[in-house]
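S.K.: First the structure, which I've put down as structure tokens, then a few questions once you've had a look.
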Amino acid sequence: MFQTNPPQDPKKVLPTMYDLKSEDPEEPGLPDKYHLLQARFLEDTLSPPNYPTDRIFVASDLNLYYNPRQTNWYKRPDWFAVVGVDRLYEQRDLRMSYVVWQEEVNPFVVVELISPGTEKEDLGQTLREANQPPTKWEVYERILRVPYYIVFNGRTNQLRAFQLMGSRYTELDVSEPRVWMDDIQLGLGLWQGFYGECDRTWLRWYDAQSNWILTPSERERQGVERERRRVERLVEQLRSLGVEPDFDVEV
């Protein structure tokens, strides 16, 4: 692409998500059931107190286009979150891909769930071949400059976390398997429990008081339990006054 003077608006002259492919069924490493559930769990518990929900976009296995000079180059993170961008594309449409030169906001955190075929690339242990696109690590660290890069092995429950400091990623100490991200006032850690279909170790978000963020179904159950206790107290108060409730109460 030739540079013009003055430069042309990339939103007008470069491909949009409608022009770029959104998936490649022949691409290796398509998600299994664990990848799907873990990605959903991350989305269910991502609730930054300093960003409204309509200014947060999350995606899993979505093409992430990053180079306006090579518009067909993309990476496909297992999961990523962008804060400070509209949840919907141009406030009206679901995204088929995330195109950085259109959105003008880079991901804040990327999570890769290690599988045997992707481990070396996920950890930056592969070299770029001649005339090939940059590696995943290079894109996250040097091009998109993603502040936090999380790598989790769901088979061994090993968590590794990297924070962008200066121009390079620095590995963080996760001897206590938690990573605090001050910009969004949330942390990401390992939680043991039942989600979806099984009891296992999951990545989960937590708040400034170290409380795990509740999923929508957990919040609903919590609300039902609060209402049950409220009814119990009301029944006890009526009976203490010598009044026997004449309605059926399930407690």
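S.K.: Write down the percent of antiparallel bridges among all DSSP beta bridges whose residues are both part of the chain, to the nearest 5. Write down the numbers at each step before the final one.
M.R.: Working: 34 of 41 bridges.
Of the beta bridges lying entirely in the chain, close to 85 percent run antiparallel.
S.K.: With a sphere of radius 13 Å drawn around the Cβ of Arg155, what net charge do the other residues whose Cβ falls strictly inside it have (Lys, Arg +1; Asp, Glu -1)? Intermediate values should be presented prior to the final figure.
M.R.: Values: positive: Arg200; negative: Asp32, Glu119.
Cβ neighbours under 13 Å give a net charge of -1.
S.K.: Would you mind checking the tilt of helix 216-240 against the longest principal axis of the Cα atoms of the chain, expressed as 0 to 90 degrees and rounded to 10?
M.R.: Long axis of 216-240 versus the principal axis of the chain: about 10 degrees.
S.K.: Considering the chain as a Gaussian network with a 10 Å cut-off on Cα pairs, which listed residue, Gln163, Gln185, Gln125, attains the greatest mean-square fluctuation?
M.R.: Most flexible of the set in this elastic network: Gln125.
S.K.: Here's something else I'd like to know. Rounded to the nearest 20 Debye, what is the dipole magnitude of the chain about its Cα centre when Lys and Arg each give +1 and Asp and Glu each give -1 at the C-beta? Spell out each step's value before the answer.
M.R.: On the way: 31 positive and 42 negative charges, 121 e Å.
Approximately 580 debye in magnitude.
S.K.: Once you put a point 7 Å from the Cα of Gln237 and another 7 Å from the Cα of Arg178, both along the Cβ direction, what distance in nm separates them?
M.R.: Label at Gln237, label at Arg178, 3.7 nm between them.
S.K.: Let me ask you something else. Calculate the radius of gyration of the Cα atoms of region 45-129 to one decimal place, then report Dmax, the largest Cα-Cα distance, as a whole number, both in Å.
M.R.: 14.1, 42
S.K.: Counting pairs of Cα atoms in region 64-197, how many percent are more than 26 Å apart? Can you show the working numbers first?
M.R.: Values: 2326 of 8911 pairs.
Considering region 64-197, 26 percent of its Cα-Cα pairs are separated by more than 26 Å.
S.K.: Cα convex hull of the chain: mean projected area in nm², to one decimal?
M.R.: On the way: hull surface 77.3 nm².
So the Cα hull casts an average projection of 19.3 nm².
S.K.: Say R0 is 51 Å: what FRET efficiency, to the nearest 0.05, do Glu104 and Cys198 get from their beta-carbon distance?
M.R.: Values: r = 40 Å, r/R0 = 0.78.
With a Förster radius of 51 Å, E is 0.80.
S.K.: Still on this structure, I have one more. Count the lysine pairs in the chain whose Cα atoms sit under 28 Å apart, keeping only pairs 8 or more residues apart in sequence or on different chains.
M.R.: Within the chain, the lysine pair count is 16.
S.K.: Now for a different question. How large is the charge dipole for region 39-103, taken about the Cα centre, if only the Cβ atoms of Lys, Arg (+1) and Asp, Glu (-1) carry charge, to the nearest 20 debye? Please report the intermediate quantities before stating the final value.
M.R.: Numbers: 8 positive and 9 negative charges, 42 e Å.
Value, rounded to 20: 200 debye.
Values in this text are rule-based calculations from the coordinates and carry no lab data. Note that the coordinates shown come from a computational prediction; the quantities given were computed from them, not determined experimentally. Backbone-built Cβ (ideal geometry, glycine too); neighbour counts: all protein chains shown.
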